[in-house]
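Quick notes on the structure that follows.
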There are 2 protein chains.
Amino acid sequence: MNDNKELAAQMCVLGVGARDAARALREAPAETKNKALKAAAKAVRESAAAILAANSEDMARDAGLTPALLDRLMLDEKRVEAMAKGVEAVAELPDPVGRVLARWTRPNGLDISRVATPIGVIGIIYESRPNVTADAAALCLKSGNAVILRGGSESARSAAAILCALQAGLKAAGLPAEAIQLVRTTDRAAVGLMLTGLNGTIDLIIPRGGKSLVGRVQNEARVPVLAHLEGICHTYVHAAADPAKARAVVVNAKLRRTGICGATETLLLDAKCPRELAVQILEDLAAKGCEIRGDETIRALFPAAKPASEEDWHTEYLDAILSVKVVDGVEAAIRHIETYGSHHTEAIITEDAAAAERFLSALDSAIVLWNASTQFADGGEFGMGAEIGIGTGKLHARGPVGVEQLTTFKYVVRGSGQVRP
Amino acid sequence: MNDNKELAAQMCVLGVGARDAARALREAPAETKNKALKAAAKAVRESAAAILAANSEDMARDAGLTPALLDRLMLDEKRVEAMAKGVEAVAELPDPVGRVLARWTRPNGLDISRVATPIGVIGIIYESRPNVTADAAALCLKSGNAVILRGGSESARSAAAILCALQAGLKAAGLPAEAIQLVRTTDRAAVGLMLTGLNGTIDLIIPRGGKSLVGRVQNEARVPVLAHLEGICHTYVHAAADPAKARAVVVNAKLRRTGICGATETLLLDAKCPRELAVQILEDLAAKGCEIRGDETIRALFPAAKPASEEDWHTEYLDAILSVKVVDGVEAAIRHIETYGSHHTEAIITEDAAAAERFLSALDSAIVLWNASTQFADGGEFGMGAEIGIGTGKLHARGPVGVEQLTTFKYVVRGSGQVRP
């Protein structure tokens, strides 16, 4: 009970500090925020030894992590330099605050503008990657938001060392240290408190992590959540696909990187696709080490394929595994994606413009592509600069969430004494 | 238990029906939706007798309603005609779906568009005004969303009669009747089920009603909520205010209609305002029947004023009552509003452009005005057509929520075989 009270008090201090810092950030000029980001990048470089020492301690804790998780956790000089460069790249982005999103004049002379403003205080709950500490903080700072970061306990020492460098950047620019704060306790109850909004001080929660983390956040949160759920992405090779494009795009969409949310997880082959093209695509994939799980038609066509179960159509493998199904035309492809997809990213490969436009228009996914790899589902590839994730919800922001998506807006109305009749 | 199961089953049917209807609506051309709206307006007019008879039954139930609530509930021929006209006005609005919100080409040739799309299924929970049934349904239909309406039990018969007309409109245009559905049970557990999202079928909940309804929705909802909280709106008369504008705007902001969320609830008078202007403004208000609750300086200036308590600065009166405080300069005005306001709408009256711009920039309210009445906080006055309310949250939409704000977007990417390096 006392512990709970003490934790609640600590978290309350974080919330109030963040809210006050958010007021200062809201009005901070672009140059001040950029100065802080550049100084933070410099401090990250200068603190490389301390950050790596803290990271070694995290790595040595033997928390029973798998090799994959240890690799995510591990920092080296190259990764620290990449982190510093990432923060500098955010400084180079155009300022998202103060953009005039629309402006019009009413018949009564009122001049109305919709102007981009910061959201306020953002809580970010993430897992073990230490670089998220720097990336997420930089994006929030650039967009004028205060941030409360809650990383995984495995990376606690690394995150604290990185925070130290980020706060040095804030100090150099005369911005409050509370603009970027870290929940230092590893008590999981702290997450629960963040999800209640810390007495109205948190405006938005962004979970970055696996399905169970995002699920918990969506279930418990009493404040808005910008969630990135799984990416069960589809590539549909239409009857009128150009064979060379189809082969290149499918291999890239599945295998360029298998662990990202924009990787294709299910390939839909049109029943009218030339048999040779279908076999060629499956052979290309298998030759690069991809396991094929097919329906009966696919297994007849490509005997090395394992049988796909109903479960496979629902699965985000994040691995060199692909489920493959034969569908009878674009409507059947759309129906399959509507049934099994996660509204993330889907592609059609075809030279038939009408079929492509039908696919692009009918699907309700955050990103739909024609003749391009699903791996383009990325803020950088969209030209938005760094991103905090790919939103799969319907509200506020869908697709890549970059600095513009971390703003909201207000209406500024200039008049000359108008009253409403 | 059996009742609960039965209710859950009924609500599940509504949810699945709405989701399927949303798929049809998503692709419905503007002409089809407008045809349905015009036919619905016609059916409302033709059903006027049935709607009025149902409304008489609602009025006769003697549910212990206050005269104000009975007036909200009451329909007459004029109000039915206004409802039909409102639906027709929504038909006349430009179609918000399919708007290309942005379009750019990447160096690799990818052509990226951000295109407005419907949200999906919207749940609207409202109180006794029967016209909300038609207004909200029309706005949802126009924006390509299916809607599940849950009105107050007091207006159940009126709402059912109005629904009948709206569904006749859908039928005339060949759209599914499930595009507009009404929760017919008066069991309050139905609201709880809607707030869970009905097995993932509801994408957004919009509460329309008082503080306790909105509070319950925000607390229990497991799906995104677009809430309109209270409007504790401020008008600040700066030292450099034009006296004639100040007098006209303050009276209008407070008294044009006292029951709307954009009505000014607190007047801030600058300490450097001419004494005669301050007194004149208070006399204008008092002469029109407004009760003044002032701080000590105001009471010295205007002895008829009652003393304002701390509670008054937090209060949305929705009545002919105004709290009045003297503040020392624009920064003090901003601090007062940040402390007591609800981030809805605030106005400054001044001829000093620098003071005005400081006020407009510093405040984090959905709408900030210079030399205009806070009563302009309205979708119609903004030129958006009808609105479903004024959003006071930070995410997705702030300020007037019209048909454009009831859409989301997706990215449509057109390529020529691009793969990600």
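Figures for the structure shown
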read-out: Checklist (1) over 16 Å from A:CYS140 (Cβ atoms); (2) in contact with a strand residue (DSSP E or B) (Cβ under 7 Å, 6 or more places away or on another chain) applied to A:ILE122, failing item; value: (1)
read-out: Condition broken by B:LEU363, with the remaining ones in (1) at pLDDT below 95; (2) surrounded by 22 or more Cβ atoms within 10 Å (Cβ to Cβ) satisfied; value: (1)
read-out: Residues of the stretch B:155-166 classified as surrounded by fewer than 24 Cβ atoms within 10 Å (Cβ to Cβ) and within 13 Å of B:VAL87 (Cβ to Cβ), total; value: 1
read-out: Yes/no for B:SER113 being within 14 Å of chain A (Cβ to nearest Cβ), out of contact with any Pro (no Cβ under 7 Å at 6 or more places or on another chain), hydroxyl-bearing (Ser, Thr, Tyr) and surrounded by 15 or more Cβ atoms within 10 Å (Cβ to Cβ); value: yes
read-out: Residues (within 18 Å of the chain's Cα centre (by Cα), among the β-branched types (Val, Ile, Thr) and more than 15 Å from B:TRP370 (Cβ to Cβ)) located in the stretch B:229-270; value: B:ILE232, B:THR258, B:ILE260
read-out: Residues of the stretch B:379-398 that turn out to be within 8 Å of another protein chain (Cβ to nearest Cβ), surrounded by fewer than 23 Cβ atoms within 10 Å (Cβ to Cβ) and under 16 Å from A:SER113 (Cα atoms), as a count; value: 3
read-out: Exclusive hit being touching a residue at least 12 places away in the same chain (Cβ under 8 Å), over 30 Å from A:ILE205 (Cα atoms) and either more than 8 Å from chain B (Cβ to nearest Cβ) or of a type outside the set (Lys, Arg) (or both), set A:VAL419, A:VAL327, A:VAL403; value: A:VAL327
read-out: Scan of the stretch B:248-259 for residues that are farther than 13 Å from B:ALA347 by Cα and either more than 10 Å from every other protein chain (Cβ to nearest Cβ) or among the hydroxyl-bearing types (Ser, Thr, Tyr) (or both), ordered by number; value: B:LEU255, B:THR258, B:GLY259
read-out: Number of positions in the stretch A:76-92 that are in contact with a helix residue (DSSP H, G or I) (Cβ under 6 Å, 6 or more places away or on another chain) and in contact (Cβ under 8 Å) with a residue 40 or more places away in the chain; value: 7
read-out: Close pairs (9 angstrom Cβ cut-off, 6 or more residues apart or separate chains): more than 7 Å from chain B (Cβ to nearest Cβ) and on the phi < 0 side of the Ramachandran plot in the stretch A:356-373, surrounded by 22 or more Cβ atoms within 10 Å (Cβ to Cβ) and hydroxyl-bearing (Ser, Thr, Tyr) anywhere; value: A:ALA356/A:THR350; A:PHE359/A:TYR236; A:PHE359/A:THR350
read-out: Flag if B:LEU318 is part of a loop (DSSP other than H, G, I, E, B) and more than 11 Å from chain A (Cβ to nearest Cβ); value: yes
read-out: Single residue of the stretch B:25-54 satisfying the filter (more than 14 Å from B:GLN167 (Cβ to Cβ), of a type in the set (A, V, I, L, M) and over 25 Å from the mean Cα position of the chain (by Cα)) that is surrounded by the fewest Cβ atoms within 10 Å (Cβ to Cβ); value: B:ALA49
read-out: Selection within the stretch B:70-97 - in contact with a Gly (Cβ under 9 Å, 6 or more places away or on another chain) and surrounded by 14 or more Cβ atoms within 10 Å (Cβ to Cβ); value: B:LEU73, B:VAL87, B:ALA89, B:VAL90, B:LEU93, B:ASP95, B:PRO96, B:VAL97
read-out: Top-ranked residue in the stretch B:298-315 [being surrounded by 16 or more Cβ atoms within 10 Å (Cβ to Cβ) and part of a helix (DSSP H, G or I); ranked as farthest from the chain's Cα centre (by Cα)]; value: B:LEU301
read-out: Residue in the stretch B:140-154 that is in contact with a strand residue (DSSP E or B) (Cβ under 7 Å, 6 or more places away or on another chain), under 30 Å from B:SER416 (Cβ atoms), assigned by TED's automatic domain parsing to the domain that holds B:ASN55 and crowded, with 23+ Cβ neighbours inside 10 Å present; value: no
read-out: Residue match in the stretch B:330-353 (condition: at the interface with chain A (Cβ under 7 Å from one of its Cβ atoms) and charged (D, E, K, R)); value: no
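The values are calculated or read from the model by the stated rules, or taken from the named source; none is laboratory data. Just so it is clear, the structure is predicted and the values come from calculations on it, not from any experiment. For neighbour counting, all protein chains shown are included, and Cβ atoms are generated from backbone atoms with ideal geometry for every residue, glycine included.
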